[in-house]
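Asks: This is the structure I have questions about; it appears just below.
The values are calculated or read from the model by the stated rules, or taken from the named source; none is laboratory data. Just so we're clear, the structure is a prediction, and the values are computed from it rather than from any experiment. When we count neighbours, we look across all protein chains shown, and the Cβ atoms used for this are built from the backbone with ideal geometry, even at glycine. Side chains are part of the model used for accessible areas, which takes the heavy atoms of the whole protein and leaves out ligands, DNA and RNA. Shrake-Rupley method; radii C 1.70, N 1.55, O 1.52, S 1.80 Å.
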Amino acid sequence: MPAMPIRVLLTGSAGFIGQNVLRRFAGDARYSVWALDLRNTYTLPKHITDAANVTLCVGDAGTTTLIEDHLCDWVIHLAGSAGVRESDADPLAYIDNNVRVTTHLFEQARLHGVTRVVYASSSSAYGDGAPLPLVESDPNRPACSIYGMTKQMCETIAQYYYTRHGVKSVGLRFFTVYGPHGRPTMAVRRFAEAIRADTPIVIYGDGTQTRDFTCVSDIVSAILASLTGSSRLVKCDVFNVGAGDSCSVNELVELIKELLGRPDYDRITHQPRHAADVGATLACGKHIAKQLGFTPKTKLRSGVAQFLRWLDGDPAMGHL
Ligand code: NAD
Ligand code: UGA
């Protein structure tokens, strides 16, 4: 008799990272996936969203009963408000969508025996100015944004639910993710679309700020690594997920210009650096390599080249 599929609740499934996770699960009979999002704005091909092992649900992760209804084994919690700079404008929405929603899911996980919760944390949880590379054991600094603060709070919620109730969880501190289905306001997509359309780019500050830009395919692999294999040893922990390379915003613009064959593009404007923006991020990957056996595979140049093919509509890159 075939083994029962593992029942998975995936929240934020219509979002950037969520759609990439859904693509990895769709059609794999080892899993039965309830994909939950407030929106039904998938740009994935129909054979992915219509896969027999996937049920698309529209609803609020902050009130959902899907965990109880389907006795889910795993929760992959990606739903939330994701913009760093945008969080200044509506702090209460970020508290509600990130903190309250995460608490509801942990409470449901506790009540209904979920084996493991994997949730999205962020490099923003480090605040600014910690020594590089950023190491999980560094003490938290004050967050630079409401968004970063909510991610620190998500980690505290996870710690509480383990210490008090034994709910096992993995918090993944994703570092500036790019790739197919990328959010339109993020640097890689914004710059690529502007250069292709020959419209202006806005750089916040002088562009010397650096990021550990990380390809979404590696993010998906890290999520799966946290649910399987040696990760069974983990009880409640937090891990960096970064490519392990540093690139300035100016260097990113040059790379995209080169890959698009537009070395002449010069429509670059500047606005003041945003106070919520940290100066530099760079992930130390030792903890996740040791505990979960995950190492990133995609270098920035090849990852951005793949992303540009997706933007061009290359079907091999998962475009409609
Ligand atoms: P995204 O905005 O593309 O996706 C988030 C999705 O969550 C959206 O589709 C949205 O509709 C959904 N959502 C929001 N609130 C919801 C709710 N209450 N109930 C159900 N669905 C809800 O963002 P993303 O870039 O895919 O990020 C996914 C997660 O990873 C977020 O928690 C984000 O904070 C975190 N993260 C992202 C990055 C990155 O660089 N993209 C880096 C670090 C952490
Ligand atoms: C990203 C995600 O948006 C967050 O959800 C996530 O939590 C965070 O990474 C993280 O690593 O934790 P951010 O690093 O700001 O946030 O990513 P981008 O929006 O791609 O910006 C990268 C850099 O480019 C920033 O310094 C930003 O100021 C700059 N930028 C961005 C510009 O100069 N111009 C733009 O139009 C967009």
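Asks: Quick one: is Leu252 within 15 Å of ligand 1 (Cβ to nearest atom) and either of a type in the set (A, V, I, L, M, F, W, C) or exposed (fewer than 13 other Cβ atoms within 10 Å of the Cβ) (or both)? Full working, then the answer.
Replies: Values: within 15 Å of ligand 1 (Cβ to nearest atom): yes; either of a type in the set (A, V, I, L, M, F, W, C) or exposed (fewer than 13 other Cβ atoms within 10 Å of the Cβ) (or both): yes.
Yes, satisfied.
For every residue, the table says whether it meets (1) touching a residue at least 12 places away in the same chain (Cβ under 8 Å); (2) open to solvent by less than 30 Å² (accessible area, probe 1.4 Å).
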position	(1), (2)
Ile76	yes, yes
Pro131	no, no
Leu134	yes, yes
Tyr162	yes, no
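Asks: Pull up region 210-222, narrow it to residues that are more than 10 Å from ligand 1 (Cβ to nearest atom) and outside any loop (DSSP other than H, G, I, E, B), then point me to the one that is nearest to Thr176 (Cα to Cα).
Replies: First, the residues of region 210-222 that are more than 10 Å from ligand 1 (Cβ to nearest atom): 210, 212, 215, 217-218, 220-222.
So of that shortlist, the ones also outside any loop (DSSP other than H, G, I, E, B) come out as 210, 215, 217-218, 220-222.
Details: Thr210: 10, Cys215: 9, Ser217: 13, Asp218: 12, Val220: 14, Ser221: 16, Ala222: 14 Å.
The qualifying residue nearest to Thr176 (Cα to Cα) is Cys215.
Asks: Filter region 1-34 down to the residues that are in a helix (DSSP H, G or I) and open to solvent by 50 Å² or more (accessible area, probe 1.4 Å) and list them by number.
Replies: Once the filter is applied, which keeps residues that are in a helix (DSSP H, G or I) and open to solvent by 50 Å² or more (accessible area, probe 1.4 Å), region 1-34 yields Arg23, Arg24.
Asks: Mind checking which residues of region 35-75 are touching a Ser or Thr at 6+ places or on another chain (Cβ under 7 Å), within 13 Å of ligand 1 (Cβ to nearest atom) and not in a loop (DSSP other than H, G, I, E, B)? First the steps, then the outcome.
Replies: Our first condition is that a residue be touching a Ser or Thr at 6+ places or on another chain (Cβ under 7 Å); within region 35-75, this holds for 35-37, 42, 53, 56, 61, 73-74.
Keeping just the survivors that are within 13 Å of ligand 1 (Cβ to nearest atom) gives 35-37, 42, 56, 61.
If the condition is that a residue be touching a Ser or Thr at 6+ places or on another chain (Cβ under 7 Å), within 13 Å of ligand 1 (Cβ to nearest atom) and not in a loop (DSSP other than H, G, I, E, B), then Ala35, Leu36, Asp37, Leu56 are the ones that fit.
Asks: Let me ask you something else. Looking at Leu92, Leu132, Leu111, which one is more than 10 Å from ligand 1 (Cβ to nearest atom), more than 29 Å from Ala275 (Cβ to Cβ) and not charged (D, E, K, R)?
Replies: Working: Leu92 fails: more than 29 Å from Ala275 (Cβ to Cβ); Leu132 fails: more than 29 Å from Ala275 (Cβ to Cβ).
Going through Leu92, Leu132, Leu111 in turn, the sole match is Leu111.
Asks: Kindly indicate whether His47 is surrounded by fewer than 19 Cβ atoms within 10 Å (Cβ to Cβ), in contact with a Gly (Cβ under 6 Å, 6 or more places away or on another chain) and not charged (D, E, K, R). Working first, answer last.
Replies: Numbers: surrounded by fewer than 19 Cβ atoms within 10 Å (Cβ to Cβ): yes; in contact with a Gly (Cβ under 6 Å, 6 or more places away or on another chain): no; not charged (D, E, K, R): yes.
Against the criterion (surrounded by fewer than 19 Cβ atoms within 10 Å (Cβ to Cβ), in contact with a Gly (Cβ under 6 Å, 6 or more places away or on another chain) and not charged (D, E, K, R)), His47 does not qualify.
Asks: Within region 275-319, count every residue that is hydroxyl-bearing (Ser, Thr, Tyr) and free of Cβ contacts under 8 Å to residues at least 12 places away in the same chain. Spell out the reasoning first.
Replies: Filtering region 275-319 for residues hydroxyl-bearing (Ser, Thr, Tyr) gives 281, 295, 298, 302.
Now restrict to residues that are free of Cβ contacts under 8 Å to residues at least 12 places away in the same chain: 295, 302.
Looking only at that region, the number is 2.
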